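So the structure is just underneath, and the comments pick up after that.
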Amino acid sequence: MSGFLILAFLILIAMVVAVPLASRFGLGSVLGYLLAGVAIGPVLRALRVDVEALQAFAEFGVVMMLFIVGLELEPKKLWAMRGRLLGLGGGQILLGIAAISGIAYFYGLPWQTALVIGMILTVSSTAIVVQSLTEKGLLRSEGGQASFSVLLMQDVAVIPMLAAIPLLAVAGVAGGAGSTEVEAAHGGLNLLAHAPAWLAAIATLAAVGAVVLAGAYLVRPAFRFIAMANLREMFTAVALVFVIGIALLMTLVGLSPALGAFLAGVVLANSEYRHELESD
């Protein structure tokens, strides 16, 4: 118990020192958190803390954040943004993939590898950019909405990208060290780490479809049932079960748990329990 308290104390000390300083100098809280992590990393390793396990725990914060971002996106808003989504977002993704893949192919990489590199490097972190835009009060501005449209399209495009990557595996690479690394990155729970490419692609799309169907037809009746008990803590518990279950499902098929939480948030954006979910 004392070891856990020491670890929590050190992390919080690094945070409360670095983040206000970064904000004071106009760098934003995101950079402050990164600087805090850089500063405390050597200390944690000296104390023989399992930093990789800590990183996996911290990733759940990103999962919860993207769930909240998804809750803010009502389907009507998405339809109203379709021009920006397809124009700005789609254009950025296609041009980015073409440019980066072209450079990689020019330097002698196989076209499959070049295409995968292009897909990876053309997307950015929604969590970091949205946090920065919100802090600076730019999210509601014209430029902020345009940036958010690009980020949202990137999040949507990640689904077919992840389904396509196993199909682009280069002979001699797939099933080797890469598969082991992917499996390790997901805590050894990736059931498709050694599956055929076509099966992995089908399972990826099926998992996304399962999230959409569960959010549309199962979650609301469950919330209504719990609401009858009039116990707020039970409502919070069910919300956590929902988010953690989706994150686990995404992990089992080798997808990002944050992506699953984002999709779940979008599905529940029209729910009558949306505002209560956000506050909890």
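The values are calculated or read from the model by the stated rules, or taken from the named source; none is laboratory data. If you're wondering where the values come from, they're calculated on a predicted model, not measured in any experiment. A quick note on method: Cβ atoms are made from the backbone with ideal geometry, for glycine too, and the neighbour counts reach across all protein chains shown. SASA here: full protein model, heavy atoms, side chains in, ligands and nucleic acids out. Shrake-Rupley method; radii C 1.70, N 1.55, O 1.52, S 1.80 Å.
Does ILE97 qualify as being more than 30 Å from PHE242 (Cβ to Cβ) and open to solvent by less than 50 Å² (accessible area, probe 1.4 Å)? For ILE97, the condition - more than 30 Å from PHE242 (Cβ to Cβ) and open to solvent by less than 50 Å² (accessible area, probe 1.4 Å) - is met. Put simply, of GLY91, GLY3, GLY32 the only residue that is more than 30 Å from SER271 (Cα to Cα) and surrounded by 14 or more Cβ atoms within 10 Å (Cβ to Cβ) is GLY32. The set of residues from segment 263-273 being open to solvent by 10 Å² or more (accessible area, probe 1.4 Å) and either in contact with a Phe, Trp or Tyr (Cβ under 6 Å, 6 or more places away or on another chain) or not in a loop (DSSP other than H, G, I, E, B) (or both) comprises LEU263, VAL266, VAL267, TYR273.
Restricting attention to segment 69-99, the residues that are assigned to a helix (DSSP H, G or I), hydrophobic (A, V, I, L, M, F, W, C) and farther than 30 Å from TRP111 by Cβ total 5. So which residues in segment 195-233 are modelled with pLDDT under 80, farther than 20 Å from VAL63 by Cβ, open to solvent by 40 Å² or more (accessible area, probe 1.4 Å) and among the hydrophobic types (A, V, I, L, M, F, W, C)? Listed by number, the residues that qualify are TRP198, LEU199, ALA216, ALA227, MET228, ALA229, LEU231.
Every residue, every condition in (1) among the basic types (Lys, Arg); (2) open to solvent by 70 Å² or more (accessible area, probe 1.4 Å); (3) modelled with pLDDT of 80 or more, yes or no:
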{"site": "LEU151", "(1), (2), (3)": "no, no, yes"}
{"site": "GLY172", "(1), (2), (3)": "no, yes, no"}
{"site": "ASN190", "(1), (2), (3)": "no, no, no"}
{"site": "ALA193", "(1), (2), (3)": "no, no, no"}
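For segment 100-127, what are the residues that are surrounded by fewer than 15 Cβ atoms within 10 Å (Cβ to Cβ), over 26 Å from ALA258 (Cα atoms) and without any contact (Cβ under 8 Å) to a residue 24 or more places away in the chain? Listed by number, the residues that qualify are GLY102, ILE103, PHE106, TYR107, GLY108, TRP111. Can LEU121 be described as at pLDDT 80 or above and within 17 Å of the chain's Cα centre (by Cα)? Taking the combined requirement at face value, the residue satisfies it.
Of the candidates GLY89, GLY61, GLY70, the single residue that is more than 20 Å from PRO160 (Cα to Cα) and either out of contact with any His (no Cβ under 8 Å at 6 or more places or on another chain) or free of Cβ contacts under 8 Å to residues at least 12 places away in the same chain (or both) is GLY61. Considering LEU12, LEU66, LEU27, the condition of being open to solvent by 80 Å² or more (accessible area, probe 1.4 Å), in a helix (DSSP H, G or I) and of a type outside the set (Phe, Trp, Tyr) is satisfied by LEU12 alone. Would a scan of segment 29-50 turn up a residue that is touching a residue at least 24 places away in the same chain (Cβ under 8 Å), out of contact with any Leu (no Cβ under 7 Å at 6 or more places or on another chain), under 24 Å from LEU138 (Cβ atoms) and of a type outside the set (A, V, I, L, M, F, W, C)? Within segment 29-50, one or more residues are touching a residue at least 24 places away in the same chain (Cβ under 8 Å), out of contact with any Leu (no Cβ under 7 Å at 6 or more places or on another chain), under 24 Å from LEU138 (Cβ atoms) and of a type outside the set (A, V, I, L, M, F, W, C).
Contact annotation: residue pairs with Cβ atoms under 6 Å, 6 or more positions apart or on different chains, pairing a residue in segment 128-142 that is part of a loop (DSSP other than H, G, I, E, B) with a partner that is surrounded by 14 or more Cβ atoms within 10 Å (Cβ to Cβ), are LEU138/GLY144; LEU139/LEU133. Would you be able to say whether some residue in segment 154-170 is surrounded by fewer than 14 Cβ atoms within 10 Å (Cβ to Cβ) and part of a helix (DSSP H, G or I)? So far as segment 154-170 goes, yes, one or more of its residues are surrounded by fewer than 14 Cβ atoms within 10 Å (Cβ to Cβ) and part of a helix (DSSP H, G or I). Against the list (1) at pLDDT 80 or above; (2) open to solvent by 60 Å² or more (accessible area, probe 1.4 Å), the condition ALA56 fails is (1).
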